[in-house]
Amino acid sequence: MLVTLGIIQAGIWIHGHTVAERAADTAVDIARGSYGTNAAAREMATTVAAAGGLRSVTVEVSMHDGRADVTVSGEAPVMIDFGLGHISEHASAPLERVSPP
């Protein structure tokens, strides 16, 4: 029974990391676009993370030196918290810029 619970716990933890990673990727895609804003990226990342089951979601978005950086943090809904419930993922990409031909 403990092995089964351990497998379920590991699956929930992996799912939480995947959700946070997808939320960060989504936010960086929005932020790096020509019309992207920090607020729009933050809102979308929060929506994706909450829909995936993360609680207490925080999103940090910054654009500097031609790059968009996003960090998504939250709490995974673990059954037994051994201190692994806090999840944080980061995504970064260059800003899109239009250049004349």
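Hey, if you put +1 on the Cβ of every Lys and Arg and -1 on every Asp and Glu Cβ in the chain, which of GLY36, LEU5, VAL57 ends up farthest toward the positive end of that dipole? Checking the options against the dipole of the chain, the answer is GLY36.
How high is the relative contact order of the chain, in percent, counting Cα pairs under 8 Å that sit 6 or more residues apart? Relative CO of the chain lands at 31 percent. Karplus-derived 3J(HN,Hα) values for region 75-86, using 6.51 cos²θ - 1.76 cosθ + 1.60 with θ = phi - 60°, are 10, 7, x, 7, 6, 10, 8, 9, x, 9, x, 7 Hz; glycine and proline are entered as x.
Neighbours of SER73, meaning other residues whose beta-carbon lies under 10 angstrom from its beta-carbon, give a summed charge of -3 when Lys and Arg score +1 and Asp and Glu score -1.
Close amide-amide hydrogen proximity is noted between ARG67 and LEU95, each under 5 Å apart and 5 or more residues distant or on a separate chain (H modeled in the peptide plane; Pro and chain starts excluded). For the chain, the Cβ-based charge dipole about the Cα centre amounts to some 120 debye (Lys, Arg positive; Asp, Glu negative; other atoms uncharged). Taking trypsin sites (Lys or Arg not before Pro) across region 15-101, the ones in a DSSP loop with at most 10 further Cβ atoms lying within 10 angstrom of their Cβ are ARG97. Summing +1 for each Lys or Arg and -1 for each Asp or Glu among the other residues whose beta-carbon sits under 11 angstrom from that of VAL61 gives -1.
Loop-resident GluC sites (Glu not before Pro) (DSSP state other than H, G, I, E or B) in region 50-101 with no more than 16 further Cβ atoms inside 10 Å of their Cβ: GLU96. With each label modelled as a point 7 angstrom along the Cα→C-beta vector, the PHE82-TYR35 pair spans 4.8 nm. Kindly provide log₁₀ I(q)/I(0) values, in the same order as q = 0.12 Å⁻¹, from the Debye equation applied to equal alpha-carbon scatterers of the chain. Cα-only, vacuum Debye calculation for the chain: -0.43.
Readers should treat all values here as calculations from the given coordinates under stated rules, not as data from a laboratory. Predicted, not measured: the structure shown is a model, and the values here were computed from it. Counting neighbours? That spans all protein chains shown, and the Cβs are built from the backbone with ideal geometry, glycine included.
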